[in-house]
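Engineer: My questions will all concern the structure given below.
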Amino acid sequence: MLHKERFQKLVEILNEQKLDAVFLAPSSDLKYITGLDFRSDSRLKGALISKEGESFFLCPSLHRDDVESVREEMHILEWNDVDWFQGAFRRGLQLVGLDGHLRIAFTRGIEAGDMIEAVEGLNVQCVNGFSLLFPMRSIKSKEELELMRRASAMNDKMMESLAVYLRPGLYEDEIIKFIMNFHESHGGNPRVPGVATGVNSSKPHYGRDNNRAIEENDIVLVDCGGWYDGYSHDMTRTFFVGAPTEELRKVYEIVLEAQLAAEEKVAVGAIPSEIDKTARDIITEYGYGDSFNHRLGHGIGMDGHEAPYISQGNHVPLVEGNCFSIEPGIYLKGKFGVRIEDLVMLTESGREIINHYPKHLQVL
């Protein structure tokens, strides 16, 4: 079903940015505005919305039944494998009154080749629309924030079960399967979690280059995200299976200090770059500045990563409705890494941390 308030806000953005239209290809942007949940494939599909509030949906014929929810609110321009989509796209532009030199933004979910074919022979300037919906999507409604609380609560429960499950001898693949099975069995849609044991934890986004087993007195870094009811959860915890060394304990406590200090800085009007600096300065003061080599956090919602980004380059004040991660880390090449991540949202009551699984140093 078309979200009419979001649709109208998008029309306002088009006029503010002097764009004639936007094409929403299969992506969370399309779902956010229309409620239609398509995946990108070899047949181009998507909604075009004009600055006048006119719209059409470019629809391969075999998907005609999938767009019934918007048929009364958008023109449906069908195309088939014989005629291909260019003709239907042109008819759609005429139908919504677009002619002459046009500036059309294209969001995610469309291949460059399809975009070029769609506008070939037309007087169209293609504009990068990747961040066009950021101002809307970064401000969550009360309903969206509640969905995110529920998703994070399920992630808390997963971590509780995982802490009981972890033990020496388990392989990273087995831990990954445990996490995914937990979320799937509870109605979630997990992404493949990041699970790094021992030296593998020294790689911030370890991609399971090998399948290592937990050893005695080992470290296990678990970064778990996914979706419940279309909204994301994300949390990182670093566990110790057996007693940590003094160096491991020291690094963990530094990361925890930085994480807590950054969370305390979160407020309506706070500047993301300054929050990032709070955590980064603490880690630097202890001599590990070069080992914290990523931004402090990222926004989250329908996508696992979206605006606002809590980074050194973002100077836009935070507002009510923002939801994002705070996740400092220290990664010592060839040795180990530690990261702690919570999600924080800004509500009418102020700062709210929506992960509740403990983050003090845990020895399992």
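The values are calculated or read from the model by the stated rules, or taken from the named source; none is laboratory data. If you're wondering where the values come from, they're calculated on a predicted model, not measured in any experiment. Counting neighbours? That spans all protein chains shown, and the Cβs are built from the backbone with ideal geometry, glycine included. In case anyone asks, the SASA skips ligands and DNA or RNA and just uses the protein heavy atoms, side chains included. Shrake-Rupley method; radii C 1.70, N 1.55, O 1.52, S 1.80 Å.
Engineer: If I filter the stretch 342-354 down to residues being outside any strand (DSSP E or B) and open to solvent by 10 Å² or more (accessible area, probe 1.4 Å), which single residue comes out as farthest from Glu264 (Cα to Cα)?
Structural biologist: Glu348
Engineer: Would you pick out the residues in the stretch 179-217 that are open to solvent by 50 Å² or more (accessible area, probe 1.4 Å), assigned to a helix (DSSP H, G or I) and of a type in the set (A, V, I, L, M, F, W, C)?
Structural biologist: Scanning the stretch 179-217 gives a single hit, Val199.
Engineer: Does the stretch 75-83 contain any residue that is farther than 22 Å from Ile33 by Cα and of a type in the set (S, T, N, Q)?
Structural biologist: yes
Engineer: State all residues of the stretch 236-271 that are touching a residue at least 40 places away in the same chain (Cβ under 8 Å) and touching a Ser or Thr at 6+ places or on another chain (Cβ under 6 Å); if no residue qualifies, say none.
Structural biologist: Ala262
Engineer: Which pairs have Cβ atoms under 6 Å, sit 6 or more apart or on different chains, and link a residue in the stretch 141-154 that is farther than 11 Å from Met345 by Cα to one that is open to solvent by 30 Å² or more (accessible area, probe 1.4 Å)?
Structural biologist: Pairs that qualify, where the first residue is farther than 11 Å from Met345 by Cα and the partner is open to solvent by 30 Å² or more (accessible area, probe 1.4 Å), are Leu147/Asp229; Met154/His186.
Engineer: Restricted to the stretch 38-58, and to residues that are over 22 Å from Asp99 (Cβ atoms) and open to solvent by less than 40 Å² (accessible area, probe 1.4 Å), which residue is modelled with the highest pLDDT?
Structural biologist: Lys45
Engineer: Does the stretch 229-275 hold any residues that are in a helix (DSSP H, G or I) and acidic (Asp, Glu), and which are they?
Structural biologist: Result: Glu246, Glu247, Glu253, Glu257, Glu263, Glu264, Glu274.
Engineer: Is it true that Gly100 is closer than 30 Å to His233 by Cβ, at pLDDT below 95, in a loop (DSSP other than H, G, I, E, B) and not hydroxyl-bearing (Ser, Thr, Tyr)?
Structural biologist: no
Residue-wise test of (1) among the aromatic types (Phe, Trp, Tyr); (2) open to solvent by less than 20 Å² (accessible area, probe 1.4 Å).
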| residue | (1), (2) |
| --- | --- |
| Asp276 | no, yes |
| Ala279 | no, yes |
| Thr284 | no, no |
| Tyr288 | yes, no |
| Pro308 | no, yes |
| Pro317 | no, no |
| Ile340 | no, yes |
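Engineer: Among the residues of the stretch 116-133, write down those that are open to solvent by less than 50 Å² (accessible area, probe 1.4 Å) and in contact with a strand residue (DSSP E or B) (Cβ under 7 Å, 6 or more places away or on another chain).
Structural biologist: Scanning the stretch 116-133 gives Val119, Val124, Val127, Gly129, Leu132.
Engineer: Yes or no: the stretch 326-333 includes at least one residue that is assigned to a strand (DSSP E or B) and either open to solvent by 30 Å² or more (accessible area, probe 1.4 Å) or of a type in the set (Lys, Arg) (or both).
Structural biologist: The answer is no; no qualifying residue exists.
Engineer: Something else: Please work out which residue is nearest to Glu73 (Cα to Cα), limiting yourself to the stretch 34-58 and to residues that are hydrophobic (A, V, I, L, M, F, W, C) and out of contact with any strand residue (DSSP E or B) (no Cβ under 6 Å at 6 or more places or on another chain).
Structural biologist: The selected residue is Leu36.
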